[in-house]
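*Asks:* Here you go, one structure.
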Amino acid sequence: MANVIVNRVKEFLKRFPPFTFLNEASLGLVAKGVEVKYYAQGEQLFRQGDPAQDFFFVLKEGSVQLSENKDGQERVVEVCDEGDVFGVLALLGKRPYILTAKAREDSLLYAIPVSIFEKILNENSRVSLYFAAGFASGQVVVRSDLSQSQKARRDFTELSKDNGLMIFSGQSDLNYSTDVLTCMKGTTILIAVEKMAAKGVGSIVIVDQNQFPLGIITDKDIRNRLVAHQKSYDTPVEKLMTSPVMTKSKEAGFSDLYLTMIKNRLHHLIFTEDGTLKSKVTGILSDHDILLSQGNSPAVLINALMNTWEISEIAKIRNRAESLLKYYLENEVAMDFVANIISEINDIIIQRAVQLAINKHSPNNPKASKVKFCFLSMGSEGREEQLLRTDLDNAIVFEDVPIEIAEDTQAYMLLIAQEVMETLFICGFQACPANMMANNPKWCQPLSQWKHYFSDWILSPNQQALLNATIFFDYRPVFGHKKLAEELTEHIYHEIADKSIFLNFLAKNALLNPPPLGFFRNFLVEKSGEQKDKFDIKLRAMMPLADMARLLVLSHRVVGINNTFKRFEKLSELEPNYTDLLLEAGKAYEILMRMRAIEGLKSGNSGRYIHPEDLGKLQRQLLKNTFAPIDELQKIMRIRFQLDFFTS
Amino acid sequence: MGWLDFILGKKTPKSSFVEAYESGFEKKISDVRPISELLFVVLDTETTGFNPKNDHIISFGAIKLKGFSMPVASGIERYLDTPVQNRESVKVHEILYPIETSPLKDFGKDMLNYIGSDIIVGHHIGFDLAMLEKTLQPFGFKKFLNPVIDTKYLAMRLEKGPHFDQSTAIKEEYALDAVCTRYGIELDDRHTAAGDAFLTAQLLMKLLKIAATKGIKDFGGLIR
């Protein structure tokens, strides 16, 4: 830590409210968390409709304007000056920005992370009051001094009433339900659930004889409090409900409603006539309604992707897809749907990246750019299972060319690949640590060389070849001439048909991974190192399933199905003797994918290591249940591929 | 390294942290990597004088920069055990007493580990690198392997064009104070290593944005 730098930031901040209210220690904490950012004149800091970033801004030097785009008209709302704070409301409300911020001059900004500031908001009542006052008056910018603020307003525009609390776009675009499903206290849960099912809703509000709200029961409560505890269906609703509920009046401003939900981690907020518990229920607002109001639907995202060639824009959309993913996972949306959406988004990004690279480099390479090629995704992305932006595995296959232009052709393909990788890195994807990427000359080859690679792996299946097989056999064409990929697939099946011993090796490899459970049915966790006491969900549970699905698909010569749970689905049709088991294996894989993705989003990593102790009892049981089909399938594989007689 | 060792051609054995540093350069930065994705470490040293042979580093300061953003928490400063406290330099730099000094070996290890394979940036950086290289010599360190950008020459290149003969530049015009003033960067905390590194980092951001308007947009263009 460089104290000189921290002090400089501190000295600046403490001249301006709300930092003036902080003591030395808090101020030091804030200063250490600052990121110093630079924007050239004309650059945008954020745009109307963008999701809130996880920091807000203090202008250090320069000038920034906030403007609103209404019906295609750009209107400057505020001009910020040294010491002004902005971007706060979007942040605390976790709502998209409703204004666009643009540097009017070259500007230096201090970005302050909300995580640090939230702590201070909780501890320092003066600071929180300061912000609360800002909310109430609808201030967009926390002014360094008031006269400035009034001047700016007079100069640019009159803040009309409907612009109050501008960061929240008003209640009009928020659709919440006024037709609330209720039931009287004393009703049995069975009747309540029947009502919910009949109306197709996920929650029911429990009321007394005056229609005053007492509590709420949601789908989740039925699972966690009723079924999991094996309670009788005759249990009265008040025994299961969440009580008391949070109530507000419909007249309450949206920011108030929204902040109440955020602060109390509520999924539902109930409206009553006068906003208290002692008044009639008139409406219900769910977090789902809020998600919809944010415009984070797959259609919106995909449409946005199709309409931009800006890399920074593409990167932003990919980040938005992550919040969508999080919502889907938490709400248990079907896995094949989720995986499909995310793969679709990733594919579009890759296609855009390749097209951008071609546009950039083909003019300088008139000859090489005529050569047909296909960009392949491999590994989990190839299987359409990559939910988080973990390692990139990909390759390029191009058509065979005369020897005299072979070198130039590969050089051009590598240039394209490198450009694509750079774009994908900007979009938040991680490089493959083993360098299985198209910008590696080894994996950027003409079709004949690829055929040669695969023949080699199939004919002499050593350890490395089998490792490659697990990644490369799951390739999927994403951009370019699919014919090249199809020809390669044909070649692979042809080779395997002649050399069925390869499948035995592959089977052996699939059974190499250690079992998930120990003798006493406890999780086998890592013994030492950084992941001590954690369970490797990828190695011990997911890979065995993915490996067996691949093996069986290859043995049945199935083409074009890459996704592990879809493979199991297909296999269940092909092997009527094992239909149930194979379907169960597919289901297990879906559950594992979901668990891993949730863990990854929660801890900001690949989600590969799970702490069994941190899982709830139900989750732990669910995880253990996924192991049964693994075990069963491995036994079958062992017999079918004669592994007990098969040594070497 | 004593003179006898020198004559006998004996080499100073490499410390493990020097080896670790050197092994970080196996992968080259791609020429087409955009400037916004490059990792920079902006550094400065304060010394007892201007002769790398006889003078010593008093303090070292640095901060990291990526994508036109620098986390304050990434800044570091270190004060070194210096054999001589030169009165003159004390006057210039106003470091009257060593604050909390680090032994050379700890410093060397921390510094190389911090810098890693990032692009090194500094104003008149050649001097700082020479001083650092000398300081690390006892640990078998030879030279920095990182790509290097001197904000002084970058400013000249952007102001006078790529074919400008940099030896004809007026020295005073390209001192850190002068360049910062010219680009509207507020001076204060001058003459502390970390303070100067912080200034130089702001200067770098400004220069890189100007470079972008002149078509210098990726690593290849920047390093030439």
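*Asks:* Starting from the Cα of A:Lys532, draw a straight line to each of the aspartates and glutamates and keep only those under 13 Å, dropping any in the same chain fewer than 8 residues away.
*Replies:* A:Glu613
*Asks:* Gap in Å between the Cα centre of the range A:420-465 and the Cα centre of the range A:1-73?
*Replies:* 43
*Asks:* Tally the DSSP beta bridges in chain B and give the antiparallel ones as a percent, rounded to 5.
*Replies:* 65
*Asks:* Right, another one. Quick check on the exposure proxy: order A:Ile302, A:Ile217, B:Ile170, A:Ile98 from fewest to most C-beta atoms within 10 angstrom. Before the final figure, lay out the partial values.
*Replies:* On the way: A:Ile302 16, A:Ile217 25, B:Ile170 8, A:Ile98 22.
If I rank by nearby Cβ atoms, fewest first, I get B:Ile170, A:Ile302, A:Ile98, A:Ile217.
*Asks:* A:Lys220: which lysines have alpha carbons under 22 Å from its alpha carbon, excluding same-chain residues fewer than 8 sequence positions away?
*Replies:* Candidates past the 8-residue exclusion: A:Lys185, A:Lys195, A:Lys199, A:Lys231, A:Lys239, A:Lys263, A:Lys326, A:Lys587, A:Lys602, A:Lys617, A:Lys624.
*Asks:* For a quick check: sort A:Ser362, A:Ser107 by the number of other beta carbons within 10 angstrom, fewest at the front.
*Replies:* Result, fewest neighbours first: A:Ser362, A:Ser107.
*Asks:* Here's a follow-up. What is the average number of partner chain Cβ atoms found within 10 Å of a Cβ in B:62-75?
*Replies:* That works out to 5 on average.
*Asks:* Also: Which whole-angstrom value gives the distance between the alpha carbon centres of the range A:479-507 and the range A:572-606?
*Replies:* Taking the Cα centre of the range A:572-606 as reference, the centre of the range A:479-507 is 25 Å away.
*Asks:* Can you give me the C-alpha center-to-center distance between the range A:341-375 and the range B:168-224, rounded to a whole angstrom?
*Replies:* Each part reduced to its Cα centre gives a spacing of 36 Å.
*Asks:* For A:26-37, what's the mean count of beta carbons from other chains sitting within 10 Å of each residue's beta carbon?
*Replies:* 3
*Asks:* Right, next: Once you charge only the Cβ atoms, +1 for Lys and Arg and -1 for Asp and Glu, what is the size of the charge dipole of the range A:298-498 about its Cα centre, to the nearest 20 debye?
*Replies:* So the magnitude is around 560 debye.
*Asks:* On average, how many beta carbons from a partner chain sit within 10 Å of the beta carbon of a residue in B:196-202?
*Replies:* Per residue, the average neighbour count from other chains is 3.
*Asks:* Tell me, what ³J(HN,Hα) does each residue in the range B:58-68 have, in order and in whole Hz, if you take phi through Karplus 6.51 cos²θ - 1.76 cosθ + 1.60 with θ = phi - 60° and put x for Gly and Pro?
*Replies:* 8, 8, 10, x, 7, 8, 9, 9, 8, x, 6
*Asks:* Just the number, please: percent antiparallel of the DSSP beta bridges in the protein assembly as shown, rounded to the nearest 5.
*Replies:* Here the share of antiparallel DSSP bridges comes out near 80 percent.
*Asks:* Let me ask something else about it. Compute, for the protein assembly as shown, the length of the dipole vector about the Cα centre, with Cβ point charges of +1 (Lys, Arg) and -1 (Asp, Glu) only. Units Debye, rounded to 20.
*Replies:* 860
*Asks:* Using Cβ contacts closer than 10 Å as the measure, can you line up A:Lys280, B:Lys109 from fewest to most?
*Replies:* Starting with the residue having the fewest Cβ neighbours, the order is A:Lys280, B:Lys109.
*Asks:* Take the cross-link list A:Lys538/A:Lys566; B:Lys27/B:Lys105; A:Lys70/A:Lys316 and give me the ones stretching past 30 Å between alpha-carbons.
*Replies:* Those over the limit do not exist; all pairs fall within it.
*Asks:* Let me ask something else. Pull up the DSSP beta bridges for the range A:298-498 and report the antiparallel fraction as a percent, rounded to 5. Show your work: numbers first, answer last.
*Replies:* Values: 9 of 13 bridges.
Around 70 percent antiparallel, to the nearest 5.
*Asks:* Still on this structure: At a threshold of 8 angstrom on Cα-Cα distance, excluding pairs fewer than six apart, so keeping six or more, what relative contact order does the range A:298-498 reach in percent?
*Replies:* Computed value for the range A:298-498: 27 percent relative contact order.
*Asks:* Hey, another quick one. Rounded, prolate or oblate, given the Cα gyration tensor of the range B:33-214, with a/c below 1.5 counting as rounded?
*Replies:* Prolate shape, in that a/c is at least 1.5 and a/b is the bigger ratio.
*Asks:* Hey, which of these cross-link pairs are over 27 Å Cα-Cα: A:Lys370/A:Lys482; A:Lys37/A:Lys360; A:Lys32/A:Lys60? List each step's numbers first, then the result.
*Replies:* Working: A:Lys370/A:Lys482 16 Å; A:Lys37/A:Lys360 29 Å; A:Lys32/A:Lys60 16 Å.
Exceeds cut-off: A:Lys37/A:Lys360.
*Asks:* Within chain A, which complete DSSP H helices have Cα atoms spanning at least 27 Å along the helix axis and a mean Kyte-Doolittle hydropathy of -1.0 or higher?
*Replies:* A:311-330, A:335-361, A:403-426, A:579-603, A:617-640
*Asks:* While we're here: Just check the protein assembly as shown against the gyration tensor rule for me: Cα atoms, a ≥ b ≥ c as the square roots of the eigenvalues, rounded for a/c under 1.5, and otherwise prolate or oblate depending on whether a/b exceeds b/c.
*Replies:* oblate
The numbers here are math on the coordinates, done by the rules we state, and not lab data. Keep in mind that this is a model prediction, so the values were computed, not measured. Ideal geometry is used to build each Cβ from the backbone, glycine not excepted, and the neighbour counts take in all protein chains shown.
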